[in-house]
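Read the structure below first, then the notes.
The values are calculated or read from the model by the stated rules, or taken from the named source; none is laboratory data. Values in this document were obtained by computation on a predicted structure and should not be read as measured data. Reconstructed Cβ throughout: ideal geometry from the backbone, glycine too, with neighbour counts over all protein chains shown. The accessibility values were calculated without ligands, DNA or RNA, using every heavy atom of the protein model including side chains. Shrake-Rupley method; radii C 1.70, N 1.55, O 1.52, S 1.80 Å.
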Amino acid sequence: PFPHPICGAILVAKDGRILGKGRSNYNGHAIEFAFQEAGINATPLREWCVAWPSDAKFRKDIAESTLYVTLEPSNHRQGEEKPPITQLVEMAQIPRLVIGCQDPIAENASKGAGSLHAAGISVTMGVLQDECNHLIESYAELCNSKVHRMARNHFRIHGRPMGHLHCSVIDSDDAEAFARNGNSFGKNFGGQHLSYRDFGTYEIAPPPESIWAADTSDDDEFSSEIDDFFVMDFEEEDTQDSLGKNPMMPWYEQVDACVATFPKPGNGPVNDPTLQARLRGLKWLATQGKLLPAGVERILVMDANDLKDLPLKNDDPNLPPGVDVEEFWKADGRKPTRLLLRHGDNAMAVAVAKAAAKAAAAAAEASAKAKSALETGDAELAAEAALECQKAAMASNEFIQKEIQKTQDLKQRLIKLGAKVEVLKGSKPIDVMNHLGKRSGYHSVVWRAGCWGGRGVEAIQDGAFQRVSAHLAVDAIGGKFWQLMLAERALQSACGAEREIKVFAEADDINLEYCDREDADKDCNLVFDGKPVRHVRLDARVAVIDEIKRQEVRFA
């Protein structure tokens, strides 16, 4: 399943014996598994570290073997985590390679085979080509779509994934809608239809919890004469039909990872400072996130200093209802859950600073006593003051060690539960994106907005997000063209002034979903004056405007 193609590999000895076979999955490439089954130990470090058994016959079998693969091996590094798979084939000293079909991405086609041929390996490609192409038919269609071409180009230029910000757009005068109604869409319209409201009063908010892959088969009932007049051709989404029908918006199934946050105190939902409210990102990843393809990584971003508040067991009293957090950390049968710690490098510094301040205060007090004792000639008091200073120093050192050990113990517990724990240099969404590009080589990431208002706009301005998928409510009147204009203007208002951030509203950049159907999620059934309010999802590209050159700077 996307984002990784299906691939099979078989290592065959000269006499026809199968030495090893493997199939790609979320955890590795088919060639890795084939080599592992054959007895070749391969460890991905900065470069592949390959070791063979000392058995002479085995070494002879490998030296005369042929590796068969259904899909051309890639010569691209997966960030710092894994070297190119072509390098593994070369270092394993496989003399002959037979490939079924070439890489379906045009700019990568034949490059893997070419690099192995240049390394002296006998390479044959095109054997059972039609059958092998059929195995990756769905993958080939998706990876050559417009969005993924943009994502690859963005990664090539910036070295980080293209960010999809999934959010809601709400009325700034109704920012408590999430806490009050259980959704992010304001129901108090002040007696005005959307078309008559001030477009300067909107802001970004977290998305609703339940998101679905919409069925657009009956869109015609919402058509209008003005749509026909302007001939609005929206981007084809037939490729979505091949994806699993689950309560996700389509992009979730096509990215490398989905990110949610555990916000620090004060940055959670409006008027709800509770720990459970701050854990909504974890709740979504652990519940709705289970329906993501196994190869789409679930990532939770949080401050290192808040590790003590993170639920690790199902008996934690702060755990939101219905969450199996132990299953979430274990991630059995899918890519491991990753925890990114913001300010991770600074957590120790904070502990040391607290201890140093405590020791300094005690030392100052002890020093004052010692000075007074020396001036009065009281040697006994001076000695006691010196001992107090020594005790303060020992206590501060003990405090430092305890704080460091607490953090290390929590990290080790998470690792033992099955999670990956990494320290992030920086604290902003752009720092997360840079980390995922450098560390994992990711091309496309969905970020579920845990931010409100200006923080989301700042992240767009920093270049963290190039696409915005926003849920919002518009009047249930008119056709798609009219509602597109309303939705686009509301999103532009939430993202800021057009002189700073531009929302691209061309037909091929906008995807409009109608969510006011009987089978829609209950969070989206909004009514105004007894009439249904059309809840839509608007997908749009965004770009930051260069204030000096006054030209559009596209990040994708």
- Would you please give the FRET efficiency between Ile18 and Thr201, computed as 1/(1 + (r/R0)^6) with r the Cβ-Cβ distance and R0 = 56 Å, to the nearest 0.05? 0.25
- Label-point gap, in nm, between Gln93 and Asp324 - each point 7 angstrom along Cα→Cβ: 4.7
- Message: What's the magnitude of the charge dipole for segment 262-338 around its Cα centre, counting Lys and Arg as +1 and Asp and Glu as -1 at the beta-carbon? Answer in Debye, nearest 20.
- Response: 260
- Query: What part of the accessible area of segment 1-154, given as a whole %, is carbon or sulfur when the probe is 1.4 angstrom?
  - Reply: 52
- Cβ-Cβ FRET estimate between Arg455 and Glu141, R0 fixed at 30 Å, reported to 0.05: 0.25
- Query: Which of Ala63, Pro44, His29 sits closest to the plus end of the dipole of segment 28-71, meaning its Cα is farthest towards the positive end, when Lys and Arg get +1 and Asp and Glu get -1 on the C-beta?
  - Reply: Ala63
- Task: Starting from the Cα of Thr287, step 7 Å along the direction of its Cβ; do the same at Gln408; then give the gap between the two resulting points in nm.
- Result: 3.8
- Task: Please label the shape of segment 106-147 as rounded, prolate or oblate, based on the square roots a ≥ b ≥ c of the eigenvalues of the alpha-carbon gyration tensor (a/c under 1.5 means rounded; beyond that, a/b larger than b/c means prolate, else oblate).
- Result: oblate
